[in-house]
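Throughout, read-outs are computed from the coordinates displayed, never taken from laboratory work. Because the structure is a prediction, the values reported are computed rather than measured. Counting neighbours? That spans all protein chains shown, and the Cβs are built from the backbone with ideal geometry, glycine included.
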Amino acid sequence: MRGKIMKSLFALIFIMITASAGASNKLYPYCNVFLGTACFGMKSGDEYKYTSQVDFRIYEIRLSSGDEINIYSGYHPATFDYKRAYLSKASVNGYLVSALKVNNQHHRILIEPVENKAPSVDINISMSSGDKGLITEFIKSFRSCTRTILEITCKDDILLQSVAL
């Protein structure tokens, strides 16, 4: 009897989770790739290549629309042009967020920790599809995270809420 109750309980939980995810109108409802400083969502049809070195990580992402995003996570990002940035060091959840529109197809976002213990995240976006909807939803999936030895904790609010493509 107890086994049947447990199976029914697990089935009910699974149905609730599935229904909740299906009911969401967001294209990227989950944060399923973790950078330490942040997390972001990937959905079916998106692809990414992950490269890890001693002191940095690189994610090469291709969305189903064909748009490409390269993400560097480490302690030595490339120099950022704060003078040309439309968003410069906005404080969000203990991080400084900066954004620069290089041209109509290229954008750059830099997430810097206030404390030097966490890596910076440098996001380079190349839009080729002409449809900003998918890439905007991808950017909205970014959440701020903190990492300890035993866990990663991410906040529910949008880290890149002030970024406009």
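Among the chymotrypsin sites (Phe, Trp or Tyr not before Pro) found in segment 77-119, those both in a DSSP coil and sparsely packed, with 15 or fewer other Cβ atoms within 10 Å of their Cβ, are TYR82, TYR86.
Applying both filters, DSSP loop and at most 16 other Cβ atoms within 10 Å, to the trypsin sites (Lys or Arg not before Pro) of segment 64-102 gives LYS83, ARG84.
Each Cα pair under 8 Å and six or more residues apart adds its sequence gap; the mean of these over the residue count of segment 44-130 is a relative contact order of 26 percent.
Each listed q (0.17, 0.22 Å⁻¹) maps to a log10 I(q)/I(0) for segment 38-158, found by the Debye formula over equal Cα scatterers with no solvent: -0.92, -1.53.
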